[in-house]
Structure formats: structure tokens, C-alpha cells
Amino acid sequence: MLIGEIFDEFIHVIHENQKYTIGLINENKEVALCSDTKMISKTVDYNYPNKNNVFFEIVVKGQEFGYLWVHGEDDSLQMIANLLHESLTIRLMHEINQTNLKRKVTKDDELVKCLLDEKTFDMNKVVDLLSDLGIHANKSHVAIYMVSDYKDINTQDVVRLKMNPDSRDIIYSLLNERCLLIFKDIPENIKENEEIREYILKYIKKLKEMDFDDCYYFVGTLQHKMRQYVNSYKSCLWLKNHTKYEKNVPVFFMDYLTEYFFSKISVKDIENVYNYYIETGKKIDVEELEEISKALLMNDFNLTQAAEELFLHKNTLIYKLKKYEEVFQIDIRGSFQGKILLILISYMLREQNHKVQVGE
């Protein structure tokens with residue numbers, strides 16, 4: 001908001017009390033704005049205050065805004081003038097802070113654009129932007145990709161986040177009206193995965209308390225080098241495209257490392273090798289195979305623990321594994337290679353089912 005707009009508000013207040021005239025005098029001693037419009041453009045010398053005229057130089061955060069002039073003819077003039085000056089200064093300071101925050105948000109957007117630009121990554125520009133924003137370049141960050149479910153996120157929402165005292169080293173950027181990308185700094189004394197998780201969960205809890213609820217939260221990889229920040233963001237996108245998620249429940253990439261690396265293997269390559277066996281075993285329940293494979297993987301192929309998780313008797317699980325061994329001609333229980341191949345086959349069948357469901 002400009003000084004003129006702020007001053008108009010003060011003039012409106014003064015109009016309610018006709019005993020006082022309030023004006024803004026420029027450096028040429030001309031009345032630029034005034035509650036008495038007849039005084040505009042007239043000369044008033046702020047160097048000569050008296051019992052009916054009080055002047056205050058208006059300087060806020062190094063910016064000069066001229067002189068506040070208050071005219072009145074009663075004993076309360078000095079007190080009223082002091083209050084008006086204090087109120088105007090506070091209001092100007094607030095608006096300057098808001099403007100600076102919005103400028104920082106814009107610089108955040110520029111910084112994120114540079115960080116995500118792999119082809120023409122410019123480290124010098126990144127360092128300059130970090131310096132302008134007052135962000136430490138040597139801190140580790142993790143990407144948090146926040147997607148609003150139904151309401152738009154706007155610049156003012158991001159400004160609110162920037163106003164938090166703990167937001168000094170956090171980078172925010174609105175990618176679109178529903179998606180906010182956050183690069184959250186991680187303190188040096190937090191090193192263990194569980195500590196990092198708890199730290200991020202506390203931060204996301206604060207976001208939800210600030211009315212950023214009904215959102216999906218995807219947490220990427222921890223990165224120290226600026227050039228690698230884009231990979232943290234990419235891991236968030238992978239989570240969004242390859243995992244099941246629900247509102248307000250953060251999803252961590254580190255929980256899906258195995259699935260991520262398996263996804264890098266060509267489904268077509270697996271299909272080419274095992275197509276014959278798959279054709280001969282069409283009666284296999286693919287969803288059940290996926291559930292069993294996942295339970296085995298999560299329990300390090302401990303049959304007892306996997307059976308408990310699946311609510312199956314151990315012997316029932318063994319029976320099903322024997323069936324898979326016969327169909328796919330692999331040794332699941334006694335061979336490490338067989339275990340890996342079971343997971344790959346399960347992944348391939350799941351992807352095939354998905355393609356059928358979406359009509360590919």
C-alpha cells in the first residue's frame with residue numbers, strides 16, 4: 001500500500017474530528033495530502049512549529065516519507081499529534097514489512113526456478129539469490145510438496161509462512177494455485193533418519209495448524225548440494241504418481257526406496273523373460289500375489305512374520321509360495337535370486353493390471 005492510501009485512511013479518521021487538520025508535507029515544503037483539501041499545494045514550513053502546528057519527520061526503515069503536519073487549537077494538540085505520528089509510523093512499518101516479504105516470496109520463486117532448471121543451472125545466480133534472501137547456502141534441505149485438495153493457495157498465504165521466525169532458511173514457491181513447493185532446512189545436529197522424520201512431521205503439523213489442512217504432503221530426499229535439490233523435488237513427484245496417499249498424512253520417499261528402484265526396471269524386460277510362465281499361470285490372483293510379495297519384502301522374507309501380517313497360517317503361506325515356485329519356475333524359499341525375481345514379477349503383473357484398468 002502506498003503512503004497516499006495509508007494517509008487517506010488517516011484523513012478519514014480526522015474528518016470525524018473537525019478540531020484537527022492533518023497533512024503530509026513534501027521536501028519542498030508543499031502540502032501534498034491534507035484533510036483540508038484547500039491546503040493542498042500550499043506552502044507550510046515544517047521548520048517552525050508552534051502551539052497550533054506540530055511537525056514530525058517521517059522516516060521508516062531508512063525510507064523518507066516527508067513530514068506529518070497536525071494543526072489544532074486546543075490543549076490536546078501535542079498528545080493527539082504524538083498518537084497520530086506513532087500510529088502512522090507503525091502502519092508504514094507494517095506495509096514495508098509486507099512489501100519486503102512479498103518481494104522475498106518473488107525471489108523465492110526465482111530461486112526455485114533456478115534450482116529446478118537442470119539444463120542451465122547457474123550456481124552464481126543461485127548464490128546471489130540466497131544472499132538476497134538471507135538464506136544459508138551450506139544448510140541441508142528436503143523438499144516438501146504440498147498439494148491442496150480443494151482450495152487455492154495464494155501469495156498472501158506464502159507471506160504468512162515467511163513471517164514465521166523459523167522460516168529464515170526455508171524456501172517457498174507456488175508452482176500453481178494448488179501446489180506449494182517447500183525446501184525445508186534441516187539443522188546440522190539432526191542426523192538420524194527417525195530424528196529427521198520427527199522434525200519434518202512437527203513442521204507439517206505447524207502448517208496444518210496454520211490452516212493448511214486438507215492437503216497432501218509428499219516428502220522427498222534430503223539433499224546438501226544445491227544442484228541436487230531438484231532430485232528431492234522429483235522424488236516428491238514420484239511419490240505422488242506411484243503411491244497411495246491420503247489427506248494430511250505425510251508420505252516419505254525414504255519409505256518407498258525398494259519400490260522406487262524396482263520401478264526403474266523395465267516392465268517390458270521382465271515380461272519378455274516370464275511371459276510364457278505368466279501365460280500358463282493366468283489363474284493366479286495378482287492382487288494376492290502383490291500383497292504376499294509386499295509382506296515378504298517388508299519382513300525380510302521371514303515367513304512367520306509375513307504370515308502374521310497377512311493374517312494367514314504359516315503353512316498356508318508356504319502352500320501359496322510353492323504354487324508360485326511351480327508356476328514361475330523359481331526357488332523363492334531357498335534362493336536370494338528367487339526372492340528378488342518374485343518381487344519383480346509381482347511388480348510387472350501389477351503394472352499390467354494397472355494398464356488394463358486405465359484402458360492402455
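Of all residues being at pLDDT below 60 and of a type in the set (Lys, Arg) in region 95-109, which is surrounded by the fewest Cβ atoms within 10 Å (Cβ to Cβ)? Just the residue, please. That would be ARG103.
Tallying residues that are without any contact (Cβ under 8 Å) to a residue 12 or more places away in the chain and not aliphatic (A, V, I, L, M) within region 189-205 yields 8.
Counting only helices (runs of 4 or more DSSP H) that fall entirely inside region 126-245 and contain at least 1 residues that are among the polar types (S, T, N, Q), at negative phi and crowded, with 20+ Cβ neighbours inside 10 Å, the qualifying elements are 229-242. Across region 294-350, the number of residues qualifying as among the polar types (S, T, N, Q), open to solvent by less than 80 Å² (accessible area, probe 1.4 Å) and farther than 18 Å from ASP269 by Cβ comes to 5. Taking the numbered list (1) out of contact with any Pro (no Cβ under 7 Å at 6 or more places or on another chain); (2) among the aliphatic types (A, V, I, L, M); (3) part of a strand (DSSP E or B) in turn, LEU289 passes all entries but (3).
When GLN228 is tested against (1) touching a helix residue (DSSP H, G or I) at 6+ places or on another chain (Cβ under 8 Å); (2) over 11 Å from MET146 (Cβ atoms), only condition (1) is not met. Candidates are the residues of region 9-47 that are open to solvent by 90 Å² or more (accessible area, probe 1.4 Å) and closer than 20 Å to THR89 by Cβ; the one that is modelled with the lowest pLDDT is HIS12.
Whenever a residue of region 125-149 is within 13 Å of PRO187 (Cα to Cα) and among the β-branched types (Val, Ile, Thr), its partners that are outside any helix (DSSP H, G or I) and open to solvent by 50 Å² or more (accessible area, probe 1.4 Å), lying with C-beta atoms within less than 6 angstrom and at least six residues away or across chains, give the pairs VAL142/LEU222.
Which of the residues that make up region 250-272 are farther than 12 Å from TYR347 by Cβ and crowded, with 16+ Cβ neighbours inside 10 Å? Passing the criteria: PRO250, VAL251, PHE252, PHE253, TYR256. Just a yes or no: is a residue in region 279-301 touching a residue at least 40 places away in the same chain (Cβ under 8 Å), more than 16 Å from ARG350 (Cβ to Cβ) and acidic (Asp, Glu)? No, that holds for no residue. Taken as a whole, region 238-246 holds no residue that is within 25 Å of VAL126 (Cβ to Cβ) and in contact with a Pro (Cβ under 9 Å, 6 or more places away or on another chain).
Taking every residue in region 151-168 that is touching a residue at least 24 places away in the same chain (Cβ under 8 Å) and within 12 Å of PHE212 (Cβ to Cβ) and pairing it with any residue that is assigned to a loop (DSSP other than H, G, I, E, B) and hydrophobic (A, V, I, L, M, F, W, C), at least 6 positions away or on another chain, the pairs with Cβ-Cβ distances below 7 Å are ARG160/MET210.
Among the residues of region 105-125, just one is outside any helix (DSSP H, G or I) and of a type in the set (Ser, Thr, Tyr), namely THR120.
Checked against the criterion of being at pLDDT 85 or above and closer than 24 Å to HIS242 by Cβ, the candidates GLU325, GLU288, GLU360 yield just one match: GLU288. I'm trying to understand the selection: among the residues of region 69-98, which are outside any helix (DSSP H, G or I) and of a type in the set (Asp, Glu)? Matches in region 69-98: GLU73, ASP74, ASP75. Among the criteria (1) at pLDDT 85 or above; (2) open to solvent by 30 Å² or more (accessible area, probe 1.4 Å); (3) under 22 Å from the mean Cα position of the chain (by Cα), the one VAL112 does not fulfil is (2).
Quick one: count up the residues across region 168-205 that are within 12 Å of the chain's Cα centre (by Cα), more than 19 Å from CYS114 (Cβ to Cβ) and among the basic types (Lys, Arg). Residues in region 168-205 being within 12 Å of the chain's Cα centre (by Cα), more than 19 Å from CYS114 (Cβ to Cβ) and among the basic types (Lys, Arg): 1 in total.
The values are calculated or read from the model by the stated rules, or taken from the named source; none is laboratory data. This structure is a prediction, so every number in the text was calculated from the model and none was measured. All Cβ positions, even for glycine, are placed from backbone atoms using ideal geometry, and neighbour counts span all protein chains on display. Quick note on the areas: whole protein, heavy atoms, side chains included, nothing else; ligands and nucleic acids left out. Shrake-Rupley method; radii C 1.70, N 1.55, O 1.52, S 1.80 Å.
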